[in-house]
Amino acid sequence: TTSASDMAGGDALMYAGSSESGIGGKAELVAGSSSSSIGGSVTVSGGLSSTGKGGSSLFGSGASDAGDGGDIVLSSGSGGTSGGSVSVSSGAGENAGGSLTLTAGTTMGNANAGGSVIMQSGAGKGMGSGSVIIASAGTESSDSSGSVSVISGASADGQSGDLKLGSGSSLSSKAGEVIVSAGSAASGEGGAIKLTSGKSGSAPGGSMSASAGSSEGAMGGALDLSSGSGETGGGSVRLVGGSGVSASGGSVLLSSGSAKSGSSGSVTVSTADGASSSGSLSLSTGMASSGDSGSISLSTASGGNMKLLVGSSDVRDGGVVSISAGTTSASDMAGGDALMYAGSSESGIGGKAELVAGSSSSSIGGSVTVSGGLSSTGKGGSSLFGSGASDAGDGGDIVLSSGSGGTSGGSVSVSSGAGENAGGSLTLTAGTTMGNANAGGSVIMQSGAGKGMGSGSVIIASAGTESSDSSGSVSVISGASADGQSGDLKLGSGSSLSSKAGEVIVSAGSAASGEGGAIKLTSGKSGSAPGGSMSASAGSSEGAMGGALDLSSGSGETGGGSVRLVGGSGVSASGGSVLLSSGSAKSGSSGSVTVSTADGASSSGSLSLSTGMASSGDSGSISLSTASGGNMKLLVGSSDVRDGGVVSISAGTTSASDM
């Protein structure tokens, strides 16, 4: 030792002998052994210093120019109870604790690997192996505790080293778990866990895969991703594909597992229950700056069902289902279509497409509205209802039927829209036939039957008008026929078993200052066959008087209307006859025939019976005769203030020669 300033204490050196070609001598420092107590210790320690740095303890193996360098082995002794421990610790310090560095050797060759660092716990027999703990020490200050970094080294040209965290496998028991957990905090923010794969300058970025373990004899492992719960709000879970600069963005796939013998796994996307309201569920595609946005497709495979159900409620309105196609503000572009198709079938019945409003037990059932779109300046959208066509069978039916009711049945109203220039038309047309020997479809309008009261009425009428133009016409016409008979037109009331049968009333409209409407009954003409006949017959009766036939013209302020019964003209044959005859009688008198003019104020009307002129032959004759001894009277009127009437009978004169 020395007490002199700037002088060093003496060295204590121990050297083993060297050898030119053999093994160098050993230098051993061995403490004494003990049979029944503790063996002696070996202490190698650098010297203390009061104000300077303490002396170092250096342990080094020998170097070699051409062979392997010497090893350093720190090994504790084995024991019958527990093996000795090996403890390597750096010293504590006022400013900073000493560092502990374990660094494997670098390689000086171009194609050789650097040395490895291996930390492995001891194996166990009959019990578990030892644990390996790498942890930074805790702190009682407000500063952060030390970080723990496990990082593989960087590489200039090759692949950098992998980082593997894994538990060992087990042959007959449960394999060890891998637990990565961030620290909790009493009042601060809990620690986060960030898993980030590496980015790349020109190649694809590193991928990230999280896969639960498979099983050959039992259920595969579960994969659970859940955010934390909280007092002010639960944490969010986000699955977001990566953005693409010059190509498509990354996809997000959510798919259940397949099955070889059972059902595939289910996929459930739902919001949790809530106190005031549950969370919303949104499926939407992103905006596109120049093209169409992405589509949404919901489909099942191999006949799977699809249900779109909104929630029911006992205290609020039921949920609303709204399906809206996309709108557009671009010029000459159409809004999106909203289409619903039922499934087709090769040999069975096609699927049904039903649109049914909700029922109500005590109030009004929901309405169903099918309406074409509005238009400000163009034509409004059409509403088309069509049944399916068939190549070899019957076409599908269209049924418009209102619901029955305990008081009154529901009404069916079909009306076209009003318009500034003209109202919309309403057309009911039955289907034509494409076969040569088949009839076209019928059009049937029939009111509802009644029990205990009359049946409903059928009204076909054009609407009134407040302008000076005519109201609309009403035409009921059967269709024309090219080779066969055209259809009949029948106007008739129904028969009655025990009461009066209904009347048939055909009446033209009245006019306040113009001419009253006329009624024209005209049968059809023919090119080569007889023209159509016209028959007006009152009804017969099996137990009472037959019905009367009354033809009368209207009365008027300036003169009564005329009644004309005129037979048709004949071009190459005789003209048509006019027969005025009373009805016959099987047990009483036949009916009377009375031809008379009515009473008048100044004079009564004349009565003339005359035959027509003949251009080349005799005119027609007049015959007045009775049958079976009946009387005939020819009486002129008597008068109390004027001359009695004159009876004049004159034969015909002639101016022809020799006649």
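The values are calculated or read from the model by the stated rules, or taken from the named source; none is laboratory data. Every value quoted in this text rests on a predicted model; they were computed, and no experiment measured them. Methodologically, a virtual Cβ is constructed for each residue, glycine included, from the backbone with ideal geometry; neighbour enumeration extends over all protein chains shown. Note: accessible area is taken over every heavy atom of the protein model, side chains too, but ligands, DNA and RNA are not part of it. Shrake-Rupley method; radii C 1.70, N 1.55, O 1.52, S 1.80 Å.
Using a simple spin-label model with pseudo-atoms 7 Å out from Cα toward Cβ, S251 and V370 lie 3.8 nm apart. Each of G250, G233, T327 was placed along the dipole of the range 217-373 (beta-carbon charges, centred on the mean Cα), and the one lying farthest toward the positive end is G250. The lysines whose alpha-carbon is closer than 22 Å to the alpha-carbon of K352, local same-chain residues fewer than 8 away aside, are K307. For the range 584-597, putting each phi into the Karplus relation 6.51 cos²θ - 1.76 cosθ + 1.60 with θ = phi - 60° gives couplings of 7, 9, 8, 10, x, 7, 6, x, 8, 10, 10, 10, 8, 9 Hz, in residue order, rounded to whole numbers and with x for Gly and Pro. Distance between the 7 Å Cα→Cβ label points at K586 and A92: 14.4 nm.
Dipole magnitude for the chain: computed about the Cα centre from +1 point charges on Lys and Arg Cβ and -1 point charges on Asp and Glu Cβ, it is near 1380 debye.
From the protein chains alone at 1.4 Å, what is the descending order of accessible area for L171, L29, largest first?
Numbers: L171 185, L29 120 Å².
Heavy-atom accessible area, descending, gives L171, L29.
With the cut-off at under 19 Å, measuring from each backbone N in the range 593-633 to a point 7 Å along the Cα-to-Cβ line of T654 picks out 611-622.
Once the Cβ-Cβ distance between V563 and I444 is put in as r, and R0 is 41 Å, what FRET efficiency do you end up with, to the nearest 0.05? Before the final figure, lay out the partial values.
Numbers: r = 38 Å, r/R0 = 0.93.
Plugging the Cβ-Cβ distance into 1/(1 + (r/R0)^6) gives 0.60.
Calculated FRET efficiency, L298 and M333, Cβ-Cβ r, R0 25 Å, to nearest 0.05?
Numbers: r = 25 Å, r/R0 = 1.02.
My answer for the efficiency is 0.45.
Computed from label points 7 Å out along Cα-Cβ, the spacing between V474 and S602 is 4.2 nm.
What lysines does K586 reach when the alpha-carbon gap must be under 30 Å and sequence neighbours fewer than 8 apart in one chain are set aside? Counting by Cα, and skipping residues close in sequence, K586 has these lysines nearby: K500, K633. Basic side chains Lys and Arg get +1 at the Cβ, acidic Asp and Glu get -1 at the Cβ, and with that the dipole of the range 551-659 about its Cα centre reaches some 360 debye. Cross-link partners of K199 among lysines, defined as those whose alpha carbon lies under 21 angstrom from its own and excluding same-chain residues fewer than eight positions apart: K164. For percent of Cα pairs over 31 Å apart, several values are listed as (i) 60; (ii) 82; (iii) 65; flag the one computed from this structure. The value matching this structure is (ii).
For a paramagnetic label modelled on A8 (point 7 Å from Cα along Cα→Cβ), amide N atoms under 18 Å away belong, within the range 14-34, to 14-15. The residues of the chain present an accessible area of 94 Å² per residue when probed at 1.4 Å with all protein chains retained.
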